[in-house]
Amino acid sequence: MLKLIDPGDREFEFTEGDFHCVRDLVQRHTGIALGEAKRDMIYARLAARLRKLGLTRVSEYCARLRTGQDRHELERFRNAVTTNLTGFFREPYHFSFLREHLIERMREAGHYGKRLRIWSAGCSTGEEAYSIAMTLRETIPDIDQWDVRVIASDIDSSVLNKARRAAYPIEAVAEIDMPKVKRWFRRGKGANEGWVRVVPEITRMVDFQAFSLNGIWPHIETLDMVFCRNVTIYFEPETTRRLLHRFDDVLRPDGLLFIGHSETLKGLHDGYRLLGHTIYQRG
């Protein structure tokens, strides 16, 4: 059970006004809407930054961030407050659907061409993006003759560094079928015992980029699919609505959108039709 922090036991002063200030900064820089239940989590994450900077009050830290002049600290702030929960082949029905869709797509390659662009939006430490790439390789026999790219983005530069390294504790693959593990991962030896690394034929398919879904996007080619799963649960409805309409600018007219199991488009965007549980098609 989570033990709540008694305000009297806090190392740093953290007033009601400080929490509202932090909440506003989080909303502005990440698009995430923090509820009251996140107060202790936020305090715990910011306390490490205050110790590092030699500050004694959260209000001092807020004042520093509000100037907008310390870009490095703003990045550390974003990294500290964003939550990163992911896993290989999480919500497996999405990957079963992806596999069936790819089989159909191969039949229609003459119409669509051998080109695929898929975006893992809010990719965290890379498991989702690599799972997509693995599914592509498992399903398309002549994939090396296709023009395929998986774009993977996150606001948190620290998790992207982990994603690019493509090394994970062996527990991360415990729920994956052994043939799949043997095909797509290499076990570490010696000092790397207890770790696995994704094989190069998968890692080279993924392009990791650091940017905010609610900020300025780089140029994104027309996409066939977007995976934006368990991201908008932290957003206000209006923020989610704006993001969905921005997807319209990059997703092909019949493109697919995969969202998280606790998310919905209901009341937010009527330009998608439901194909399966949390799987939508534009148009």
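Please tell me if ARG186 is surrounded by fewer than 17 Cβ atoms within 10 Å (Cβ to Cβ) and either in contact with a strand residue (DSSP E or B) (Cβ under 7 Å, 6 or more places away or on another chain) or in contact (Cβ under 8 Å) with a residue 24 or more places away in the chain (or both). Before you say what the answer is, go through the steps one by one.
Numbers: surrounded by fewer than 17 Cβ atoms within 10 Å (Cβ to Cβ): yes; either in contact with a strand residue (DSSP E or B) (Cβ under 7 Å, 6 or more places away or on another chain) or in contact (Cβ under 8 Å) with a residue 24 or more places away in the chain (or both): yes.
So ARG186 passes the test.
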Within region 204-218, identify whether any single residue is of a type in the set (Ser, Thr, Tyr) and under 30 Å from GLY255 (Cα atoms), and answer yes or no.
-> yes
Contacts under 7 angstrom Cβ, first residue in region 233-250 being not assigned by TED's automatic domain parsing to the domain that holds ILE32 and modelled with pLDDT under 95, partner of a type in the set (Asp, Glu) and assigned to a loop (DSSP other than H, G, I, E, B), 6 or more apart | ILE233/GLU263
Would you point out which residue out of GLU60, GLU16, GLU104 is among the acidic types (Asp, Glu) and assigned by TED's automatic domain parsing to the domain that holds ASN161?
-> GLU104
Note on LEU256: of the conditions (1) in a strand (DSSP E or B); (2) loosely packed, with under 14 Cβ neighbours inside 10 Å, unmet is (2)
Mind listing just one residue for me: the one in region 87-127 that is touching a Gly at 6+ places or on another chain (Cβ under 8 Å) and in a helix (DSSP H, G or I) and, of those, surrounded by the fewest Cβ atoms within 10 Å (Cβ to Cβ)?
-> TYR93
How many residues are closer than 18 Å to TYR130 by Cβ and assigned to a loop (DSSP other than H, G, I, E, B) if we restrict to region 206-246?
-> 3
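The values are calculated or read from the model by the stated rules, or taken from the named source; none is laboratory data. Not measured: the values here are computed from a predicted model. Quick reminder, even Gly has a Cβ in these numbers, built from the backbone with ideal geometry, and neighbours come from all protein chains shown.
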